[in-house]
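The structure appears right after this line, and notes come after that.
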Amino acid sequence: HNILKFCKFQLVINVAAVMVSALSPFFGIEEPLQVTHLLWINLVMDALGSLALGNEPALKEYLLEKPRKRDESLVSKEMMLQIGVMGTWLTLISFVFLTVPWFRQLFESDRAFYTGYFSLFIFAAVANGFNVRGDKWNIFEGIKENVGFLKVMGIIVIVQIALTFLGGNLFVCTPFGLKPWIVITALAMTMIPVDMVRKLICSHKK
């Protein structure tokens, strides 16, 4: 179960990153995510993601599940649906941010604007980390048994904020004001209610 949680966490971000990179030229957007941005995103998805989700508690309900068939696919239809829906949603809010003039006007320069998008992408990944912890509405269920998850996600957020102020030319980052931070955080947090709607629809279909 923890392996599958990690796979969902990783694939949602991978799907979005690939779609944004592939579709951006059609919108006249060149490299919304720099190479160094993608390196940090990969570190978040791989090493830090596995640390956060690898110690999720073993729930009693897992013991009630029927044995899996030997030839059963590791990836279920529901898992693919979550990856597809959330990957598409992250892609959608990415292009809303990148193409709607109001968002660009929040920033003093293009470099600050793309730094904001970089932070939006990372914050959305953090929000998605809470989504993949379980199939229920309570995204904090069992969190006391995996305090390390909160620590890792907190570290990701702190490092991301630090990169915007200290990343400089290496990470192609520029600091920006409080209002843009509020906007990108609010956009990133939409990952949680959207996945809750998906969970609700899936629970009714069962």
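The values are calculated or read from the model by the stated rules, or taken from the named source; none is laboratory data. These numbers were taken from a predicted model, which means no experiment stands behind them. Here Cβ is always computed from backbone atoms with ideal geometry, including for glycine, and neighbour counts include all displayed protein chains. When the accessible area is computed, the model is the full protein with side chains, heavy atoms only, and any ligands, DNA or RNA have been set aside. Shrake-Rupley method; radii C 1.70, N 1.55, O 1.52, S 1.80 Å.
Remark: the residue 76-residue 36 segment gains 11.1 nm on full extension, using 0.36 nm per residue and subtracting the alpha carbon distance. Each pair of Cα atoms in the stretch 120-164 enters the Kirkwood radius, and Stokes-Einstein at 10 °C and 1.306 mPa s then converts it into a translational diffusion coefficient of 141 µm²/s. Ranking of 81, 33, 51, 63 by solvent-accessible surface, largest first: 63, 51, 81, 33 (1.4 Å probe, protein heavy atoms only, all chains present). Accessible surface for the chain, divided over its residues, is 55 Å² per residue with a 1.4 Å probe.
Computed on the stretch 1-146, with alpha-carbon pairs under 8 angstrom and 6+ residues apart, the relative contact order is 41 percent. What is the percent carbon and sulfur in the accessible area of the stretch 30-81, measuring with a 1.4 Å probe over the protein chains and ignoring ligands? Heavy-atom surface of the stretch 30-81 belonging to carbon and sulfur, 1.4 Å probe: 60 percent. Net charge in the neighbourhood of residue 30 (other residues with Cβ under 15 Å of its Cβ; Lys, Arg +1, Asp, Glu -1) is 0. Stretched out straight at 0.36 nm per residue, the stretch from residue 4 to residue 162 would grow longer than its current Cα-Cα span by 53.8 nm. In this view, the solvent-accessible surface of residue 23, computed with a 1.4 Å probe and all protein chains in place, comes to about 70 Å².
Converting phi to 3J(HN,Hα) with the Karplus coefficients 6.51, -1.76 and 1.60 and the offset θ = phi - 60°, the stretch 186-201 yields 4, 4, 5, 5, 5, 4, 6, x, 5, 6, 5, 4, 4, 4, 4, 5 Hz in sequence order, with x at every glycine or proline.
Over the stretch 63-192, Cα pairs under 8 Å with separation of 6+ residues give a relative contact order of 34 percent. Ordered by 1.4 Å accessible area with all protein chains kept, 78, 108 run largest first as 108, 78. Charged neighbours of residue 84, selected by a Cβ distance under 15 Å, balance to +2 (K, R count +1; D, E count -1).
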